[in-house]
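Accompanying notes for the structure given below.
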Amino acid sequence: MSDHASELLTRITALGGDVLDLPFWQACRDGRFLLHACGVCGRHYWPASRCVVHGDARMRWVAASGRGTLYTYTVMHHAYTAAMKARTPYVVAVVRLDEGPYFHSGLIDCALDDVAIGMRLEATMIEHDNGLVAPVFRPVPG
Amino acid sequence: MRAACAIVGMGLTAQGIGLGIGSRELRAQAIDLALADAGLERDAIDGYIHTYLDREDLRYMGLSPNFSLSILAGGATPALSILSAIGAIVSGQAEMVACVYGQAQSAREASGGQKIGAYAYGYPSLYGLVGAAATHALHARRHMHLYGTTSAQLGAVAVTQRRYATVRPGTLGYGKPITLDDHQASPMIADPLRRLDCTRDTDGGIAVLVTSAARAKTLRTRPVYILGGGTGHNIANWHRGTVYEHHDNIAPAKTRAFAQARLTIKDIDIAQLYDPFTISPLMQLEAYGFVREGHGGPFYADGGAGPDGPIPTNTGGGQLSAYYTTGFTGIAEAILQLRGEAGAGQLKRARTALVSGHGFNAGVQNTWAHATLIFGNEP
């Protein structure tokens, strides 16, 4: 394992993430959006899963579009922690990716009044406060 | 399995915020109250099921059962504890099983930092999702989008349940009515859910005693028969990509429960539906078939879940306005109504009750466990 991968593994473990998703986080650093997919039927999954039909034998990480539509969302108003107070109100979005899976994420470049279920979104990578490079979504221009 | 077993004793401790009684003591008090209710001695309990706990202190409970079993399936745990008690009795492993809950929840400290996998499938907490209100808000927002459900209709759920609680001593809402304006003025927590859409943690204990229907007839309390039960898990809807349209996976749970009970939805007099947030009973009334899909909002606004409506629901105030003993809140109210012991809140027609449990289980957001129980006061 490279130093980068090893450091990322340590970080993901410390944050309580699932080691199975490590390839996803590694790819985010390179600006690539991956999904887990079944090599038999082509069905996509997120996060890492066993195919509900074909099991684990042919599961692999594949490049994905990083595009989808806003499926549902909430706007966080109540600051449960001091750190939240500086951010509220903010959106937590559930994106239905074009490949099928749901993807929970943040929403940027979109005023609260403009948030609408069904809007087209695309992923962009940002560095989170905790050091993880992770996708957030923004409206597809035009 | 119809009416193989019955609930013959219930012990309900004080319920409220900041009672100053520890969790273990709440459980011990609940057991003592349940034994007194049923007119049984301590040695009658030969099976013990504790909810949410890793271990139980049986020495402190003063019990000597043949087994002590721990169950954890989120808010479906209490219903599953009763189904498990039936399993133990029908398989000949016990004659009298105590299903026990006791938690001093309101004393629980906020833990602060949380893992990025919290509320997971897909790391929502990495993006700032915190708390069960937010996870249920995702369902509420989707319901609003699909059916035009409004915040005022969610408010009607809160007002309906509070009206029930105002006449029930010992509940949070006793003597404290709220209006729709109060609901609309309460602060937004996780849009679209306001403070009055949310349940508060309370302290309290409860124990119920389950035995065979044959033995139930020999005891002093009016038996509450368990006519049917069923389970469903929302992981199936996750895989189908329809998890946000479904509060839970109710279809398999209700199908099994009604088949066992040999009843239809029209035979149910009252419903006690797991209600951590107002959206929850609204969506469950639809999924069970009491209300047409998407019509839960207007149904509540028209008083459909009130005492004179087609299906009186959460008739003791529910978790929202009475107290939060997770899935035991609805079980306790169903028992009281079917026994005719609900005091000023007693409904005229309460021969059968549908009770649901719903909760965080299997470590994933929105793949909730669900359990259905159908109770009757005749076998």
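Only the coordinates and a few stated rules stand behind these numbers; no lab work does. Computed from a predicted structure; not experimentally measured. Methodologically, a virtual Cβ is constructed for each residue, glycine included, from the backbone with ideal geometry; neighbour enumeration extends over all protein chains shown.
For segment B:7-101, what is the Kirkwood estimate of the hydrodynamic radius, computed as the reciprocal of the mean inverse distance between distinct Cα atoms, to one decimal in Å?
Evaluated on segment B:7-101, it is 13.6 Å.
Between B:Arg59 and A:Asp18, how many nm apart are label points set 7 Å from Cα along the C-beta direction?
Using points 7 Å along Cα→Cβ, the separation is 4.1 nm.
Got a sec? Which residues in segment B:190-210 would a label at A:Leu112 touch, if it sits 7 Å along Cα→Cβ and we count backbone N under 19 Å?
Under 19 Å, as judged by backbone N against the label point of A:Leu112, lie B:190-198 of segment B:190-210.
Using only the alpha-carbon atoms of chain B as identical scatterers, what base-10 log of I(q)/I(0) does the Debye formula give at q = 0.11, 0.12, 0.13 Å⁻¹?
-0.71, -0.85, -1.01
What spacing in nm lies between the two simple spin-label points modelled at B:Asp43 and A:Cys41, each 7 Å away from Cα in the Cβ direction?
5.8 nm
For A:65-73, what's the mean count of beta carbons from other chains sitting within 10 Å of each residue's beta carbon?
Taking the mean over all residues of the peptide, I get 3.
³J(HN,Hα) across segment B:289-301 via Karplus (A = 6.51, B = -1.76, C = 1.60, θ = phi - 60°), whole Hz, x for Gly/Pro?
x, 6, 9, 5, 3, x, 9, x, x, x, 4, 5, 4
So what is the relative contact order of segment A:1-104, in percent, for Cα pairs below 8 Å that sit 6 or more residues apart?
20 percent
Sort the following peptides by mean Cβ neighbour count (other Cβ atoms within 10 Å, averaged over residues), highest first: B:333-339, A:53-59, A:130-136, B:10-16.
B:333-339, B:10-16, A:130-136, A:53-59
Taking 2.2 N^0.38 Å as the expected size of a compact globular protein, what ratio does the Cα radius of gyration of segment B:1-42 give against it, to two decimals?
Dividing the Cα radius of gyration by 2.2 N^0.38 Å gives 1.44.
Just going by the charge dipole of chain B, with Lys and Arg at +1 and Asp and Glu at -1 on Cβ, which of B:Ala30, B:Phe290, B:Gly340 is farthest out on the positive end?
B:Phe290
How about B:Lys348: which lysines have a C-alpha closer than 30 Å to its C-alpha, ignoring those fewer than 8 places off in the same chain?
B:Lys176, B:Lys217, B:Lys254, B:Lys266
If you split all Cα-Cα distances of the protein assembly as shown into 10 Å bins from zero, what percentages do you get per bin, shortest first?
Percent of Cα pairs in each bin: 4, 19, 28, 24, 16, 8, 1, 0.
What are the ³J(HN,Hα) couplings of segment B:18-28, residue after residue, when phi is run through the Karplus curve with 6.51, -1.76, 1.60 and θ = phi - 60°? Round to Hz, x for glycine and proline.
Coupling constants for segment B:18-28: x, 5, x, 10, x, 4, 4, 5, 4, 5, 4 Hz.
Describe numerically, in nm with one decimal, the distance between label points set 7 Å from Cα along Cα→Cβ at B:His239 and at B:Ala185.
Placing both labels 7 Å beyond Cα along the Cβ direction yields 5.0 nm.
Once the cut-off is 23 Å, how many percent of the Cα-Cα pairs in chain A end up in the long-distance tail?
Tail of P(r) above 23 Å: 41 percent of Cα pairs.
Nearest 10 degrees, 0 to 90: what angle lies between the long axis of helix B:250-261 and the longest principal axis of chain B (Cα atoms)?
For helix B:250-261, the angle is close to 30 degrees.
Helix B:77-90 versus the longest principal axis of chain B: what angle, 0 to 90°, nearest 10, using Cα atoms?
30 degrees
For segment A:74-90, take each phi angle, set θ = phi - 60°, evaluate the Karplus expression 6.51 cos²θ - 1.76 cosθ + 1.60, and give the result in whole Hz per residue in order, putting x for glycine and proline.
Residue by residue, segment A:74-90 yields 9, 10, 6, 10, 6, 8, 6, 10, 4, 5, 6, 4, 6, 9, 5, x, 8 Hz.
Helix-derived [θ] at 222 nm for chain B: sum -39500 (n - 2.57) over DSSP H runs of at least 4, divide by residue count, nearest 500?
About -9500 deg cm²/dmol.
Taking loop as defined by DSSP and a crowding limit of 16 other beta carbons within 10 Å, which trypsin sites (Lys or Arg not before Pro) in segment B:21-92 fit?
Answer in residue order: B:Arg55.
Remind me, what semi-axes does segment B:253-349 give for its equivalent ellipsoid, largest first in whole Å, using sqrt of 5 times each Cα gyration tensor eigenvalue?
One finds semi-axes of 19, 17, 14 Å for segment B:253-349.
With a cap of 13 neighbouring Cβ atoms within 10 Å, and only residues DSSP puts in a loop, list the GluC sites (Glu not before Pro) found in segment B:1-108.
Those satisfying the criteria are B:Glu41.
Just tell me how shielded A:37-50 is by partners: mean number of partner chain Cβ atoms within 10 Å of each residue's Cβ, no decimals.
That average works out to 1.
Quick one: dipole size for the protein assembly as shown, taken about the Cα centre, charges +1 on Lys/Arg Cβ and -1 on Asp/Glu Cβ, in debye to the nearest 20.
820 debye
If you line up the long axis of helix A:3-15 against the longest principal axis of chain A, both from Cα atoms, how many degrees apart are they, to the nearest 10?
Value to nearest ten degrees: 60.
Check which residues have an amide H placed less than 5 Å from B:Leu69's amide H, if you skip close sequence neighbours.
Residues meeting the criterion, in which the H sits 1.01 Å from N, are B:Tyr48, B:Ile49, B:His50.
Which percent, nearest 5, of DSSP beta bridges in segment A:79-142 are antiparallel?
Given both bridge residues lie in segment A:79-142, the antiparallel proportion sits at roughly 90 percent.
Mind checking A:88-94 for the average number of partner chain beta-carbons within 10 Å of each residue's beta-carbon?
Mean inter-chain Cβ contacts per residue within 10 Å come to 5.
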